[in-house]
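The values are calculated or read from the model by the stated rules, or taken from the named source; none is laboratory data. Please read all numbers here as calculations on a predicted model, not as lab measurements. A quick note on method: Cβ atoms are made from the backbone with ideal geometry, for glycine too, and the neighbour counts reach across all protein chains shown.
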């Protein structure tokens, strides 16, 4: 159905305007800053071309942050998908206590990140926290031991973000027509077969969107980890956004900080482009 | 349909609400001095009375607004607003380590005419005066100070240890009585507190902050100092939990009676003497131990500065407010009501302070001997480097020597690259 | 609603209990902490005595009630504006033939891929120019912008799922595109709208970075910033923070509960039509 374009453009005009003026302009400004040496305190402001990017490619701390970010994204996303799907299935099929479960699932997400970060730091505290007490192994300092801190951060993110995943997947699940399930039952298919042959494929588009947006968020994670560990110990939980934040807001180096932000952006674009081209297309997301 | 109508009406109403609250602000021709500070805790009445006294005496109106205590949030806020040349506030509170940075940026006003450096050096404790002076001019007026202290359990260790060796033997002696006790708790998380602890260890081993124009990091004293901190953990004189500990974690560990010693700021004392505290009445404080005798503590604290871009008409009034808030009288009031340690040496001898807060009065020797962290406009950048490398050193990711050598290289790069 | 044969009822009950414990446990712990006295705040057992001291303290020293109102206002307006702007655009993207469709969606995606920290400074300067600093509207605008991408994607999907015939039929009946949109498409997209509403509301309620930078006076603060103000210079009054976060979270949970019913109702409706 080909409508007269004029109406259509009116519909999208507000969104386009908002995105352009309030989002794309500051982003363009940040990109412009990344080509300059711009150190606030020293009123350093000079065009340096790609010098910041050349420095970036030799910056060990950048690569370490990149590694942390990728590890964080992959692990938390994988666990959140599985857990989120299980919870969505549970919510979808539960007959009793559904309202309670739904409210329960939304709680972590409803709490401000600055609070939940500190709440978990409190619970993970080696001296008086609940978690070390409950575990069979005592004297584990989750947030102070270089290997463990990242996994503590992943745990907190799983707690906080699985509701989002479950919600999106639940909406997708509800869109699967009942007849298909009835037909499968008539055919005598086991629950496992039904799940893999009907549920999962038809959930494809929802899964694809969910993975995309969770990945975008995870690659840019800042709040939760910053409040939980501040990037430590020894920068083992420092993600790209935390490094960018410290560079910009602590040292006042807006030039290099913007470079880091643009680099993060480029990585995210790369990941999502690859994703949309391969998995996304087959799941019918990019149409 | 009804739903659509409802939401449209609601949308209009709510947007109108936000729009009009925005419109009502309009153009604000300011005649009041705006003072941004962190919340002081405790009964707000004495503070408001202090401000009201000023208003009465000078006829100048003062508006106070609070900002978060978190150093990061505050620093970020200041960078963003001061860089925008905002003229919304006149007096602000800055951390002792930010003065050189903000002065170099030209965001805080030169106050030398009202608070000459020589006057500061004469009247205030040495480190506080030095922290307020940058490039030979005064840029801030110290409001209150903090120092690192050694807290000990007086029932386990009657006399304060003066050297590291004495500290260690005191821990062993206490453990003979109660083996499950921790020795010394301090702040080893990756944040500014770690830098404070590290500098105290470095100074305690005879080190200095600067070697000429460079930071003195790759030095023998520094290596021994940082090695000492790592050694405390390896020899189990400090629990490994110090690696995730900030001030509050250390305080709670000590307050629950599970450790013999603690390094912390003076604020912890007030908490520990509260009713219900398990260690009430059994806590003693002293200067930090060093290799050969008591070592200098790091000076913390906050200072009042004036926004360079605040309206000229309000500048002198703002200066007057700052003078009022840093007067001897104000020092004593802040100490007595809010447990904020005075910056004026004379305040510690004040009769009222001695009577109502003898604990604070007793801090004079430690405060006088305290040292400031490296005074340089590069401090935030250097602190970033130090936090990363020191955390690597104390958590065992790198050896202290390697960490300090890396830190030296990065610090030189930061300071040298700007010339 | 009969689905494929379920895992056993006890397995589901177990799963439900696990979900409850994991997600609500920490929050329940938070509530418990907020009801303890200051001296017992670090204890692990059940408190001997409950005390509302923390709640009282949370409201002293800060206009916390006003702060809650600010957050609610900003979040509500952001949600409504975002829904209004995004639903019209999503409808057009899904149902109308436009050039530059993928450009808009890509731009939206690009916006959601950019680290927010880099946009703080330019946005601050821009808001300063238009005198919207320290106002609710000054927060609504950036919040709407950064909530828009997700809203667009979610809603476009929902609109796409609605059969074209319904729209064509409405047009044949003589509706203008906007009337068709408002009378036919919008009601059918209710579940999507409800989902998006929750997402946007919670995002703007919990947002900290912009709220900290763009507001300064106590009467204009939002909840996350206010909670961060509870901390003293060194000390953290954990009881008060716990109390404040309990107060701050309950409205959200209530809002979510209300909207949740809408979603399910809409979803079952949607399922029937297929």
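Picking from B:388, B:395, which residue would you name as being touching a helix residue (DSSP H, G or I) at 6+ places or on another chain (Cβ under 6 Å), under 30 Å from residue A:146 (Cα atoms) and within 11 Å of chain A (Cβ to nearest Cβ)? Let's see the steps before the verdict.
Details: B:388 fails: touching a helix residue (DSSP H, G or I) at 6+ places or on another chain (Cβ under 6 Å).
Only one candidate passes the filter, namely B:395.
Would you be able to tell me the number of residues in the range B:182-215 that are in contact (Cβ under 8 Å) with a residue 12 or more places away in the chain and surrounded by fewer than 18 Cβ atoms within 10 Å (Cβ to Cβ)?
So the count comes out to 6.
Within the range B:333-351, is there a residue that is surrounded by 16 or more Cβ atoms within 10 Å (Cβ to Cβ), in a loop (DSSP other than H, G, I, E, B) and out of contact with any helix residue (DSSP H, G or I) (no Cβ under 6 Å at 6 or more places or on another chain)?
No, the range B:333-351 contains no residue that is surrounded by 16 or more Cβ atoms within 10 Å (Cβ to Cβ), in a loop (DSSP other than H, G, I, E, B) and out of contact with any helix residue (DSSP H, G or I) (no Cβ under 6 Å at 6 or more places or on another chain).
Give the residue that is surrounded by the most Cβ atoms within 10 Å (Cβ to Cβ), with candidates limited to residues of the range C:94-130 that are within 14 Å of residue C:159 (Cα to Cα) and more than 7 Å from chain A (Cβ to nearest Cβ).
Result: C:95.
Every residue in the range A:85-98 that is without any contact (Cβ under 8 Å) to a residue 12 or more places away in the chain and either under 23 Å from the mean Cα position of the chain (by Cα) or within 7 Å of chain C (Cβ to nearest Cβ) (or both), please.
Of everything in the range A:85-98, those that are without any contact (Cβ under 8 Å) to a residue 12 or more places away in the chain and either under 23 Å from the mean Cα position of the chain (by Cα) or within 7 Å of chain C (Cβ to nearest Cβ) (or both) turn out to be A:86, A:90, A:93, A:94, A:97.
For the range B:255-270, which residues satisfy the criterion of being surrounded by 18 or more Cβ atoms within 10 Å (Cβ to Cβ) and over 16 Å from residue B:148 (Cα atoms)?
Matches in the range B:255-270: B:255, B:258, B:259, B:260.
Is it the case that residue A:236 is in a helix (DSSP H, G or I) and either more than 10 Å from every other protein chain (Cβ to nearest Cβ) or in contact (Cβ under 8 Å) with a residue 12 or more places away in the chain (or both)?
no
How about the range B:238-325: which strands (runs of 3 or more DSSP E) wholly inside it have at least 1 residues that are within 30 Å of residue B:60 (Cβ to Cβ) and away from chain A (no Cβ under 14 Å)? First the steps, then the outcome.
Details: elements: B:259-264, B:283-286, B:299-306.
Once the strands (runs of 3 or more DSSP E) in the range B:238-325 are filtered for at least 1 residues that are within 30 Å of residue B:60 (Cβ to Cβ) and away from chain A (no Cβ under 14 Å), what remains is B:299-306.
Need the failing condition index for residue A:147 against (1) part of a helix (DSSP H, G or I); (2) closer than 26 Å to residue C:45 by Cβ; (3) within 13 Å of chain B (Cβ to nearest Cβ), just the number.
Among (1) part of a helix (DSSP H, G or I); (2) closer than 26 Å to residue C:45 by Cβ; (3) within 13 Å of chain B (Cβ to nearest Cβ), residue A:147 violates only (2).
If a residue must be part of a helix (DSSP H, G or I), within 14 Å of chain B (Cβ to nearest Cβ) and touching a helix residue (DSSP H, G or I) at 6+ places or on another chain (Cβ under 8 Å), how many such residues does the range A:120-144 contain?
Looking only at that region, the number is 5.
Return the residues of the range A:29-42 that are within 7 Å of another protein chain (Cβ to nearest Cβ), part of a loop (DSSP other than H, G, I, E, B) and more than 13 Å from residue A:248 (Cα to Cα); say none if nothing qualifies.
Selection gives A:42 alone.
Of these, A:207, A:200, A:216, A:212, which one is modelled with pLDDT under 90 and farther than 30 Å from residue C:103 by Cβ?
From the options A:207, A:200, A:216, A:212, the qualifying one is A:200.
Which condition number does residue B:279 fail, the rest of (1) crowded, with 17+ Cβ neighbours inside 10 Å; (2) outside the structural domain of residue B:192 (by TED's automatic domain parsing) being met?
Result: residue B:279 fails condition (2) only.
Somewhere in the range B:372-385, is a residue closer than 18 Å to residue B:264 by Cβ and touching a strand residue (DSSP E or B) at 6+ places or on another chain (Cβ under 8 Å)?
Yes, that holds for at least one residue.
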